[in-house]
1. Would a scan of the range 177-190 turn up a residue that is of a type in the set (A, V, I, L, M), touching a helix residue (DSSP H, G or I) at 6+ places or on another chain (Cβ under 7 Å) and not in a helix (DSSP H, G or I)?
2. Select from the range 125-160 the residues that are under 20 Å from D61 (Cβ atoms) and under 16 Å from the mean Cα position of the chain (by Cα) and list them in ascending order.
3. Somewhere in the range 142-164, is a residue of a type in the set (A, V, I, L, M), out of contact with any helix residue (DSSP H, G or I) (no Cβ under 7 Å at 6 or more places or on another chain), at pLDDT below 95 and surrounded by 21 or more Cβ atoms within 10 Å (Cβ to Cβ)?
4. For the condition within 21 Å of H142 (Cα to Cα), surrounded by fewer than 23 Cβ atoms within 10 Å (Cβ to Cβ) and free of Cβ contacts under 8 Å to residues at least 40 places away in the same chain, what is the one hit in S118, S113?
5. How about the range 79-99: which of its residues are within 19 Å of A163 (Cα to Cα) and in contact (Cβ under 8 Å) with a residue 12 or more places away in the chain?
Amino acid sequence: MGDWFSRGYLPHFNSLGTIQTITFRLADSLPQQKLWSLKQKISSAEDVSQQMRQEIESWLDAGIGCCALKHPEVAQVVQDALLHFDGKRYRLLKWCIMPNHVHVIIEQNTNLSKIVQSWKSYTGKWALANNSRLKLGIPNEHFWMRDYWDRFIRSGEHYWAVADYIENNPVHAGLCENAKEWRWSSAGRD
């Protein structure tokens, strides 16, 4: 069985062979004032995590922040980082790089936090080093938000629902009309 752990904010599940959905976002993608407002708004809700998740996803899709991932060079670096250890540290099943966040589904072969840290460390350093040249508008010394959101896949039905959401995220956000048109996704690669 796997282990639950936390770095002080979100709980994470770590278990080799587990299929996980992971979302990580740019540091400026959700202003703290919006997060505080959301917590106040749903403080009495029964399933706070699900309601918060849906609200956060809609804000992310609205394109808040510098949206540096919309730059083709940045998106390519992130996509290359996701593909780099595919088949070694994890099996990359689905992914989508949005303007201010990234969704993936992996089957993990090593520690989950190390997988995510390797993606964020390499791509974050690259983006910050190229901020001026590409005019990305990264507002401070942090490219990625510190933590990430993950959830292990519980069934085949759950997998296909998440996979559909991930690959169609650009369509729902109004970035393209067909998921296969989105260059920074697994949708056009099947």
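1. no
2. Once the filter is applied, which keeps residues that are under 20 Å from D61 (Cβ atoms) and under 16 Å from the mean Cα position of the chain (by Cα), the range 125-160 yields F143, W144, M145, D147, Y148, W149, D150, R151.
3. no
4. Values: S113 fails: free of Cβ contacts under 8 Å to residues at least 40 places away in the same chain.
From the options S118, S113, the qualifying one is S118.
5. Passing the criteria: Q79, L82, Y90, R91, L92, L93, K94, W95, C96, I97, M98, P99.
To keep it simple, each residue is scored yes or no on (1) at pLDDT 95 or above; (2) of a type in the set (A, V, I, L, M).
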residue: F13; (1), (2): no, no
residue: Q33; (1), (2): no, no
residue: E73; (1), (2): yes, no
residue: M98; (1), (2): yes, yes
residue: E107; (1), (2): yes, no
residue: I115; (1), (2): yes, yes
residue: Y122; (1), (2): yes, no
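The values are calculated or read from the model by the stated rules, or taken from the named source; none is laboratory data. Remember, it's a predicted structure, so these values are computed and weren't measured experimentally. Positions of Cβ are generated from backbone atoms using ideal geometry, with glycine treated the same way; all protein chains shown enter the neighbour counts.
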